[in-house]
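The values are calculated or read from the model by the stated rules, or taken from the named source; none is laboratory data. In this text the structure is predicted, and so the values were computed from the model without any measurement. As a convention, Cβ positions derive from the backbone with ideal geometry for all residues, glycine included, and neighbour counts pool all protein chains shown. Side chains included, ligands, DNA and RNA excluded: accessible areas come from the protein's heavy atoms. Shrake-Rupley method; radii C 1.70, N 1.55, O 1.52, S 1.80 Å.
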Amino acid sequence: MHLIPTQEEVVALLRETGALRDGHFEYPNGLHSNEYLQVPLALRHYQHQRLLSVGLSRRLRANPEIRAIMPDLSIVVPATGGLPVAYGVCEAVRARLVYWAEREHDDEPMRFRQYVEPQPGEPVVLVDDILRTGSKLAELKRLLEASGAIVVGLAVVIYQPTPSTVNFGSLPLYYLAKLEASYYADSAHCELCKRGEPMEKSWV
């Protein structure tokens, strides 16, 4: 295994742990896909969590501007699911702290926990296990910037863009592997449905 795991090594790890599966899946947002990916299935294993987090931290260290501010850096995630990666990255780069946003109900905006407030000028890297549509990460970025924090990068284990993935502009994006799945808006447009392939609903 390389110091930074290669695309092939990451994909093999995901398949070995059942985090990446081929088939016919429907995601909660209605999208159909030929791939199921849930990175937390791989993160259940401490050795894999450490390997992926440290690998991602090395991607960040390669940027001299980020490397220079690491002692002042905060790692922020859009939900608790990304915390294993966030804590691993924080430990590896010796960042200042980790915190996350959450919402009580799906129809409510994100917010930070009581007494957790981003500071004006605070440098932040957004971290998560996966970037798919990017909607939660984009909302988190807006929330942080509204408080005066400075988002300096976005780091994810897996980049799996969809047709509706948010464009983060010039914000640096770091990832260990990029997966190109096929996506269909609904069953009427799904080639897998047309071929009659059995479908499995994804919970998340």
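Among (1) farther than 30 Å from Glu108 by Cβ; (2) touching a strand residue (DSSP E or B) at 6+ places or on another chain (Cβ under 8 Å); (3) surrounded by fewer than 17 Cβ atoms within 10 Å (Cβ to Cβ), there is one condition Pro163 misses while meeting the rest; what is its number?
Only one criterion is unmet by Pro163, namely (1).
Let's see how each residue does on (1) in contact with a Lys or Arg (Cβ under 8 Å, 6 or more places away or on another chain); (2) within 18 Å of Asn29 (Cα to Cα); (3) of a type in the set (Val, Ile, Thr):
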| residue | (1), (2), (3) |
| --- | --- |
| Asp129 | no, no, no |
| Val157 | no, no, yes |
| Gly169 | no, no, no |
| Tyr183 | no, yes, no |
| Pro198 | no, no, no |
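Would you mention how many residues in the stretch 161-204 are under 14 Å from the mean Cα position of the chain (by Cα) and among the aromatic types (Phe, Trp, Tyr)?
So the answer is 3.
Taking the stretch 74-119 on its own, how many of its residues are part of a strand (DSSP E or B) and not aliphatic (A, V, I, L, M)?
6
Any residue at all in the stretch 28-42 that is aromatic (Phe, Trp, Tyr) and within 20 Å of Leu137 (Cβ to Cβ)?
Residues of the stretch 28-42 that are aromatic (Phe, Trp, Tyr), as a first pass: 36.
Filter again for within 20 Å of Leu137 (Cβ to Cβ), leaving none.
Taking every residue of the stretch 28-42 in turn, none turns out to be aromatic (Phe, Trp, Tyr) and within 20 Å of Leu137 (Cβ to Cβ).
Across the stretch 155-189, what is the total count of residues that are farther than 16 Å from Glu9 by Cα, hydroxyl-bearing (Ser, Thr, Tyr) and without any contact (Cβ under 8 Å) to a residue 60 or more places away in the chain?
Within the stretch 155-189, residues that are farther than 16 Å from Glu9 by Cα, hydroxyl-bearing (Ser, Thr, Tyr) and without any contact (Cβ under 8 Å) to a residue 60 or more places away in the chain number 3.
Read through the list (1) touching a residue at least 24 places away in the same chain (Cβ under 8 Å); (2) within 21 Å of Ile158 (Cβ to Cβ), then give the number of the only condition that Met110 fails.
With respect to (1) touching a residue at least 24 places away in the same chain (Cβ under 8 Å); (2) within 21 Å of Ile158 (Cβ to Cβ), Met110 is out only on (2).
Considering only residues of the stretch 51-73 that are assigned to a helix (DSSP H, G or I) and of a type in the set (Val, Ile, Thr), which is most open to solvent (accessible area, probe 1.4 Å)?
Here the answer is Val54.
Are there any pairs, at least 6 apart or on different chains, whose C-beta atoms fall under 8 Å, with the first in the stretch 2-20 and modelled with pLDDT of 95 or more and the second open to solvent by less than 70 Å² (accessible area, probe 1.4 Å) and of a type in the set (D, E, K, R), and if so, which?
Qualifying pairs under 8 Å: Leu20/Glu35.
List the number of the failed condition for Pro109; all other conditions in (1) surrounded by fewer than 14 Cβ atoms within 10 Å (Cβ to Cβ); (2) out of contact with any helix residue (DSSP H, G or I) (no Cβ under 9 Å at 6 or more places or on another chain) hold.
Of the numbered conditions (1) surrounded by fewer than 14 Cβ atoms within 10 Å (Cβ to Cβ); (2) out of contact with any helix residue (DSSP H, G or I) (no Cβ under 9 Å at 6 or more places or on another chain), the odd one out for Pro109 is (2).
Tell me which residues, restricted to the stretch 32-50, are buried (at least 20 other Cβ atoms within 10 Å of the Cβ) and part of a helix (DSSP H, G or I).
Ala42, Leu43, His48, Gln49
What are the pairs, 6+ residues apart or on separate chains, where a residue within the stretch 41-59 that is hydrophobic (A, V, I, L, M, F, W, C) has its Cβ under 9 Å from a residue that is open to solvent by 20 Å² or more (accessible area, probe 1.4 Å) and outside any helix (DSSP H, G or I)?
These pairs meet every condition: Leu51/Met1; Val54/Leu3; Val54/Ile4; Leu56/Ile4; Leu56/Tyr174; Leu56/Tyr175.
For residues that are open to solvent by 40 Å² or more (accessible area, probe 1.4 Å) and in a loop (DSSP other than H, G, I, E, B), scanning just the stretch 129-155, find the one that is nearest to Val166 (Cα to Cα).
Only one residue fits best here, namely Arg132.
So which residues in the stretch 3-31 are touching a helix residue (DSSP H, G or I) at 6+ places or on another chain (Cβ under 7 Å) and surrounded by fewer than 18 Cβ atoms within 10 Å (Cβ to Cβ)?
Of everything in the stretch 3-31, those that are touching a helix residue (DSSP H, G or I) at 6+ places or on another chain (Cβ under 7 Å) and surrounded by fewer than 18 Cβ atoms within 10 Å (Cβ to Cβ) turn out to be Leu3, Ile4, Thr17, Gly18.
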